[in-house]
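The values are calculated or read from the model by the stated rules, or taken from the named source; none is laboratory data. Fair warning: this is a prediction, and the values are worked out from it, not measured in the lab. Cβ placement follows ideal geometry from the backbone for every residue including glycine, while neighbour counts extend to all protein chains displayed. Just the protein is used for accessible areas: all its heavy atoms, side chains included, with ligands, DNA and RNA removed. Shrake-Rupley method; radii C 1.70, N 1.55, O 1.52, S 1.80 Å.
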Amino acid sequence: MNIDFTNNKDKFENAFTFESSSPPKQPPPPSPTAVHKSKYKRNSLPRNTEEARQRRIELDAQVRKRQREQLISAKRFKHHENYRDDDDAEPEFTLSQQDIEKLKSGLSNVNRDTRLSSLQDLSKFLVDPPDTLKQFVIEGNCIEILIKFLSGIDPEEQLQATWCITNIAAGPKEFVNKALTAVPYLISFLERDNISLQDQAAWAIGNIAIESPEYRDLLRKNGVLIPLINLLDYKDVNLVQTACFALSNLARTPNAGLDEFFAGGIDKHLLRHLKTDESFEVVSEVAWVLTYITSDKDNKYTTQLLEEGLASLLVKHMRPLLGHGPLALPLIRTLGNIASGPDENTDILIQQSDFLPTMIEFIQSDCRPVKKESLWVMSNITAARRPDVLDKVFNTGFIPILSIIATHSNFDIRKEAAYGLINIASHGAEFMRSLPHQELLPGFLEYIRSQDFDLIRLGLGYIEMLLTQVQNGKQLMESMQGIDALESVTLIEDQLLRNSASRLMDQYFEEISNEMQQIEEII
């Protein structure tokens, strides 16, 4: 639906309509734990590398995506210059109903300075709104007052009102529902010859887009993409970052509508910024857009971007971003998405001479999220079906580092490294035997003794491959009290894990298993 932004306010409101004030409710997603468990249909990890790859990708997708988005790409409030980024310094305002009436009076005052001051106060209060202000936004005429400013002719009042809309859209869904009325004005502001207003409008649109797939569809249908993509041509660094913030949120799945993104030439703009920009912040925001594009399951546009030279440009920025913590996360995530696709994608990555050596530096990063995400990238690399990929992983020196992390770090980090090692082992006996089991087995036995079912499952998968593919695997288990660890699993609540441990005991340690059965019969 195309909207003519040159006509009056009534036409805006008539053109931008909805069937209801809120999108249809979706059934709640299953819990990450339930999704994780449902992927395991057998009592052991798969030996087929393609099955291992797909299972590994599916297992962590929901939890990782949720954590990643909460960490970096959540809604963003627009703060005033004197705001300090400190949780303890976050302003908390108590506004009485009388204060709200005074604010409303200021917004309608005949004096321009008073109106601007009231708009600034409102935008500040909206960062942490008290109940009275929430009521003013949801049930009162707050949005109607702001729309009058947006539809006016004063650029400064439009800017301040758009700032208020930005912070409303950063609030709960009830706030975002109210902010939708402003969308036609926000889209029209993207094409104004006013960088501050363009930036603020893009910011508000980005916050709205995060809320739901329905809102993203609505924004795209009303022509938001092309004006946003055009903002990537500007030289203003802040404007480019904000445009990327909005575009990355519009590119979220499901139904991201990437055809329209690429019809608008977004690939050329993003690649140009990776070629020419040295700003860590700009590169990071560009990478967020790429993160969502490369997460598309059909891989069509990931392949197109790789053919246009994306891999070398990503690798170019890896080392410069290494010391910048969270700014590196979307870049790492994009690399992981590429590696989770067809092996041809992985080949393109590892053909970049600096890719694997720099990944070693990333997985040894002191920044915990960077380390964890980088280990996930390597788990996707090691799931590749071609032995020459694993040969390069071995030759670059990953195995000793992964082994140390898998046995000496915190469990959530260890688990990421363990997935990579198990992917390697799942390629066959030759690769399994090449791992340093004398160092690895104690760590995997700790997994089995833990109370975490996912860790226990990982440990049992490793033990099964150790016993079936390594000649002295049984002796290693006996020398390191591995049988006691298996016995401990036979007592836990999870039936599948109990059965898996019992089967290994029966198959490889029959005498001890018989003794246990006799004891159980006596008891």
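Filter the range 333-376 down to residues that are open to solvent by less than 40 Å² (accessible area, probe 1.4 Å) and among the acidic types (Asp, Glu), then give me how many there are. Give the derivation first.
Kept after step one, since they are open to solvent by less than 40 Å² (accessible area, probe 1.4 Å), are these residues of the range 333-376: 333-341, 343, 345-347, 349-350, 355-356, 358-360, 362-363, 365, 367, 370-371, 373-376.
Subsequent filtering for residues that are among the acidic types (Asp, Glu) retains 343, 347, 373.
Looking only at that region, the number is 3.
Mind checking which residues of the range 310-334 are under 19 Å from LEU258 (Cα atoms) and out of contact with any Lys or Arg (no Cβ under 8 Å at 6 or more places or on another chain)? Outline the logic, then answer.
Step one: list which residues in the range 310-334 are under 19 Å from LEU258 (Cα atoms), which gives 310, 330, 333-334.
Residues satisfying the conditions are LEU310, PRO330, THR334.
If a residue must be part of a helix (DSSP H, G or I), of a type in the set (Val, Ile, Thr) and either closer than 22 Å to ARG433 by Cα or modelled with pLDDT under 90 (or both), how many such residues does the range 480-518 contain?
Step one: list which residues in the range 480-518 are part of a helix (DSSP H, G or I), which gives 482-489, 495-508, 510-518.
Applying the additional criterion that residues be of a type in the set (Val, Ile, Thr) yields 483, 489, 512.
Now narrow it down to the ones that are either closer than 22 Å to ARG433 by Cα or modelled with pLDDT under 90 (or both): 483, 512.
Residues flagged as part of a helix (DSSP H, G or I), of a type in the set (Val, Ile, Thr) and either closer than 22 Å to ARG433 by Cα or modelled with pLDDT under 90 (or both) within the range 480-518 amount to 2.
Just one of (1) closer than 18 Å to TYR185 by Cα; (2) open to solvent by less than 10 Å² (accessible area, probe 1.4 Å) trips up PHE261, so point out which.
(1)
Go through the range 377-395 and give me each residue that's open to solvent by 10 Å² or more (accessible area, probe 1.4 Å) and not basic (Lys, Arg).
Here is the first cut: in the range 377-395, the residues open to solvent by 10 Å² or more (accessible area, probe 1.4 Å) are 385-388, 391-392, 394-395.
Answer for the range 377-395, where residues must be open to solvent by 10 Å² or more (accessible area, probe 1.4 Å) and not basic (Lys, Arg): PRO387, ASP388, ASP391, PHE394, ASN395.
Do we find that SER295 is of a type outside the set (Lys, Arg), open to solvent by 30 Å² or more (accessible area, probe 1.4 Å) and in contact (Cβ under 8 Å) with a residue 40 or more places away in the chain in this structure? Outline the logic, then answer.
Details: of a type outside the set (Lys, Arg): yes; open to solvent by 30 Å² or more (accessible area, probe 1.4 Å): yes; in contact (Cβ under 8 Å) with a residue 40 or more places away in the chain: yes.
Yes.
Given the options LEU228, LEU159, LEU186, name the one that is touching a residue at least 40 places away in the same chain (Cβ under 8 Å), assigned to a helix (DSSP H, G or I) and either at positive phi or in contact with a helix residue (DSSP H, G or I) (Cβ under 9 Å, 6 or more places away or on another chain) (or both).
On the way: LEU228 fails: touching a residue at least 40 places away in the same chain (Cβ under 8 Å); LEU186 fails: touching a residue at least 40 places away in the same chain (Cβ under 8 Å).
The match here is LEU159.
So which residues in the range 125-143 are surrounded by fewer than 20 Cβ atoms within 10 Å (Cβ to Cβ), under 30 Å from the mean Cα position of the chain (by Cα) and not hydrophobic (A, V, I, L, M, F, W, C), if there are any at all?
ASP128, LYS134
Any residue in the range 112-124 that's part of a helix (DSSP H, G or I): show its pairings with residues that are open to solvent by less than 50 Å² (accessible area, probe 1.4 Å) and among the polar types (S, T, N, Q) at Cβ separation under 7 Å, as long as the two are six or more apart or on different chains.
Between residues of the range 112-124 that are part of a helix (DSSP H, G or I) and residues that are open to solvent by less than 50 Å² (accessible area, probe 1.4 Å) and among the polar types (S, T, N, Q), the close pairs are LEU116/GLN160; LEU119/GLN160; GLN120/GLN160; SER123/GLN160; SER123/ASN167.
Regarding LEU349, is this residue touching a residue at least 12 places away in the same chain (Cβ under 8 Å) and either assigned to a loop (DSSP other than H, G, I, E, B) or under 16 Å from HIS317 (Cα atoms) (or both)? Quick ask: steps written out before the conclusion?
On the way: touching a residue at least 12 places away in the same chain (Cβ under 8 Å): yes; either assigned to a loop (DSSP other than H, G, I, E, B) or under 16 Å from HIS317 (Cα atoms) (or both): yes.
In short, yes.
Is it true that some residue in the range 114-123 is open to solvent by 30 Å² or more (accessible area, probe 1.4 Å) and over 38 Å from the mean Cα position of the chain (by Cα)? Even if it seems obvious, please write down each step before you answer.
Going residue by residue through the range 114-123, those that are open to solvent by 30 Å² or more (accessible area, probe 1.4 Å) are 114-115, 117, 120-121.
From what's left, over 38 Å from the mean Cα position of the chain (by Cα): 114-115.
Among the residues of the range 114-123, at least one is open to solvent by 30 Å² or more (accessible area, probe 1.4 Å) and over 38 Å from the mean Cα position of the chain (by Cα), which makes the answer yes.
Name the residue, out of SER284, SER212, SER196, that is touching a residue at least 24 places away in the same chain (Cβ under 8 Å), among the polar types (S, T, N, Q) and open to solvent by 30 Å² or more (accessible area, probe 1.4 Å).
Working: SER284 fails: open to solvent by 30 Å² or more (accessible area, probe 1.4 Å); SER212 fails: open to solvent by 30 Å² or more (accessible area, probe 1.4 Å).
The conditions single out SER196.
Could you check the range 453-479 and list, in sequence order, the residues that are open to solvent by 10 Å² or more (accessible area, probe 1.4 Å), assigned to a helix (DSSP H, G or I) and touching a His at 6+ places or on another chain (Cβ under 8 Å)?
Quick first cut of the range 453-479, residues open to solvent by 10 Å² or more (accessible area, probe 1.4 Å) only: 453-454, 457, 464, 467-472, 474-476, 478-479.
Checking which are assigned to a helix (DSSP H, G or I) leaves us with 453-454, 457, 464, 467-469, 474-476, 478-479.
The answer is ASP454, LEU476.
Are any of the residues in the range 406-428 more than 25 Å from MET318 (Cβ to Cβ), outside any helix (DSSP H, G or I) and open to solvent by less than 30 Å² (accessible area, probe 1.4 Å)?
The answer is yes, given that some residue of the range 406-428 is more than 25 Å from MET318 (Cβ to Cβ), outside any helix (DSSP H, G or I) and open to solvent by less than 30 Å² (accessible area, probe 1.4 Å).
Give the range 464-481 a look and list any residue that's within 13 Å of PHE509 (Cα to Cα) and in contact (Cβ under 8 Å) with a residue 40 or more places away in the chain, or say none.
GLU464, LEU467
Only one residue in PRO330, PRO326, PRO320 is part of a helix (DSSP H, G or I) and open to solvent by less than 10 Å² (accessible area, probe 1.4 Å). Which one?
On the way: PRO326 fails: open to solvent by less than 10 Å² (accessible area, probe 1.4 Å); PRO320 fails: open to solvent by less than 10 Å² (accessible area, probe 1.4 Å).
Only one candidate qualifies: PRO330.
The rows are residues; the columns are (1) assigned to a helix (DSSP H, G or I); (2) modelled with pLDDT of 95 or more; (3) not hydrophobic (A, V, I, L, M, F, W, C).
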site	(1), (2), (3)
GLN200	yes, yes, yes
LEU219	yes, yes, no
LYS235	no, no, yes
VAL240	yes, yes, no
PRO254	no, no, yes
PHE262	yes, yes, no
HIS269	yes, yes, yes
HIS273	yes, yes, yes
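Mind telling me which of the residues GLU214, GLU260, GLU174 ends up being in contact with a Pro (Cβ under 9 Å, 6 or more places away or on another chain) and not small (Gly, Ala, Ser)? So that I can check it myself, show each step before the final result.
Working: GLU260 fails: in contact with a Pro (Cβ under 9 Å, 6 or more places away or on another chain); GLU174 fails: in contact with a Pro (Cβ under 9 Å, 6 or more places away or on another chain).
It is GLU214.
Which numbered condition in (1) under 22 Å from the mean Cα position of the chain (by Cα); (2) touching a residue at least 12 places away in the same chain (Cβ under 8 Å) is the only one that THR396 fails?
(1)
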